[in-house]
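This report refers to the structure that appears directly beneath it.
Every read-out reported here was derived from the displayed coordinates using simple, explicitly stated rules and does not represent laboratory data. Only a predicted model underlies this, so the values are computations on that prediction, with no experimental measurement involved. Cβ placement follows ideal geometry from the backbone for every residue including glycine, while neighbour counts extend to all protein chains displayed.
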Amino acid sequence: MPREPARTRKTARQTVLPDARRKPRFAIGSVCTFARVPRIEELSPENAPPDWAIYGVPFDGGVTYRPGARFGPRAIREESQYIKRYSIEHDVDVCQALSIADAGDAAVSPFSCERSVGAQLDFARRIGDPDVTRLLALGGDHSIAYANIRVTWERTGKPRSGLPLVHFDSHLDTVDTVWDEKWSHASVFRRAIEEGYVDPSRMISIGIKGPLNTRDDLVFARDAGITVVTHERFRLEGQRLVRSFLRRIGSRSAYLSFDIDCIDPAFAPGTGTPVCGGFSSAEAIAIVRSLRGLNVVGADVVEMLPDRDVSGITALLASHIAMEVLALAAVRASVSTSARPRNSRRISR
């Protein structure tokens, strides 16, 4: 049986933010970090290592249409400066419940998808403490999710069945190859499933829509047992399917992958593979919030393309989605803190 991590941590650990009433949010100092959290090198001893580390992966060599997502991490960070710490809906102060840090950007290999995977793996494995620190990757195209999923799987004890996964996207990303390339953004989940890092029988893909190249694009997901929830199906029975999925995986460690193109380009034009007829910003945020109780142990927010953005609205939305993911983790951390010993933060396996 896979060993499930039980979150344990000291109640005193938290994220220290600059006082916005003293230092304006637009006065970021020398480095722009996600939501103004401290750089990982600057964490105070009592808050190190962090519970969550956010890092960028400025890579878009795996795209099949419009490039530019390599600039996504810096755009998300810039627009995140006004993101605030307290969630009204969850009644949780994210920065009080979690120690969060920005670990900077991973090294990438712009001319090779496969070599870039290796560079990201080397970087991510060195972030924080593997027994404590969970990783949220900002992309970059969706191919960057593979390395983050793999490191998350390693940090949760390498469960034999793989990790349950919640996937938001317009596309399934389970194509075998595109132009003989096995590591593009169209193949990320196929590779992760083939190598045992993801449990396809406990994977749900939400928001799939638009015409496909061929009916065969559905075959792998169907045969692997992925729960495919098209945008239209979600409108009819989405919340019932989400609740059923959460009951099925229970407290198992899970990964969350959010492709910004699941949102309609009217609300999120800044992406390289836009598909009309998607969620609104409010709908997407509400769906993420409905995952309350999910034991999220790793995540990514990807495919944000600043060149096609309008007034930073897509980058702003991406930063909000990332904070909503952290809020899910903060809710569980708050519950664990009240129920578990105060002298340990180790992720049990």
Order of Thr15, Thr33, Thr314 - criterion: other Cβ atoms within 10 Å of each residue's Cβ, fewest first: Thr33, Thr15, Thr314
The size of the Cβ-based charge dipole (Lys, Arg +1; Asp, Glu -1) of region 120-246 about the Cα centre, to the nearest 20 debye, is 500
Please return the longest range in the chain lying between exposed loop sites, taking GluC sites (Glu not before Pro), DSSP loop only, at most 16 other beta-carbon atoms within 10 Å, and leaving the sites out. 196-349
Separation of the Val335 and Val310 label points, Cα + 7 Å toward Cβ, nm: 4.0
Give me the net charge for the shell around Asp199: Cβ to Cβ below 10 angstrom, other residues only, Lys and Arg +1, Asp and Glu -1. +3
Which whole-number percent gives the relative contact order of the chain, counting Cα pairs below 8 Å spaced six or more residues apart? 25
Work the Kirkwood hydrodynamic radius out for region 34-339: mean of 1/r over every pair of different alpha-carbon atoms, inverted, in Å. 18.9
Just name one of Ile40, Phe111, Phe123: the one whose Cα is farthest towards the positive end of the charge dipole of region 17-129 (beta-carbon charges, Lys/Arg +1, Asp/Glu -1). Phe111
What order do you get for Cys276, Cys262, Cys113 when you list them from fewest to most C-beta neighbours inside 10 Å? Cys276, Cys113, Cys262
Report ³J(HN,Hα) in whole Hz for each residue of region 140-152, in order, from the Karplus equation J = 6.51 cos²θ - 1.76 cosθ + 1.60 where θ = phi - 60°; Gly and Pro get x. x, 7, 5, 4, 6, 5, 4, 5, 5, 4, 5, 5, 4
Dipole magnitude of the chain about its Cα centre, charges +1 at Lys/Arg Cβ and -1 at Asp/Glu Cβ only, in debye to the nearest 20? 1640
DSSP-loop chymotrypsin sites (Phe, Trp or Tyr not before Pro) across region 28-92, with at most 14 other Cβ within 10 angstrom: Tyr65
Expressed in angstrom and rounded, the centroid-to-centroid distance over alpha carbons for region 260-299 and region 69-102 is 16
With a sphere of radius 12 Å drawn around the Cβ of Ser244, what net charge do the other residues whose Cβ falls strictly inside it have (Lys, Arg +1; Asp, Glu -1)? +4
Scalar couplings 3J(HN,Hα) for region 306-318 by Karplus 6.51 cos²θ - 1.76 cosθ + 1.60 (θ = phi - 60°), nearest whole Hz, x for Gly and Pro, are x, 4, 9, 7, 10, 6, x, 5, 6, 5, 5, 5, 4
Need one number: % antiparallel among DSSP beta bridges in the chain, to the nearest 5. 10
Sorted largest first, extent of region 67-108 alpha carbons per principal axis (Å): 38, 18, 14
Relative contact order for region 230-312: what is it in percent, counting Cα pairs under 8 Å that are at least 6 residues apart? 38
Given Cβ charges of +1 for Lys and Arg and -1 for Asp and Glu, the option among Ser187, Gln239, Ser257 whose Cα lies farthest towards the positive end of the dipole of region 187-257 is Gln239
Multiplying the sequence separation of Ser244 and Arg160 by 0.36 nm and subtracting their Cα-Cα distance, what value in nm do you get? 27.9 nm
Projected onto the charge dipole of region 166-302 (unit charges on the beta-carbon of Lys, Arg, Asp and Glu, signs +1, +1, -1, -1), the Cα from Gly293, Ser281, Ser201 with the largest positive-side position is that of Gly293
Treat each spin label as a single point 7 Å out from the Cα along the C-beta direction, and report the Ser44 to Arg22 distance in nm. 1.1
Ellipticity estimate at 222 nm from DSSP helix runs (n ≥ 4, -39,500 (n - 2.57)) divided over the chain, nearest 500: -9000 deg cm²/dmol
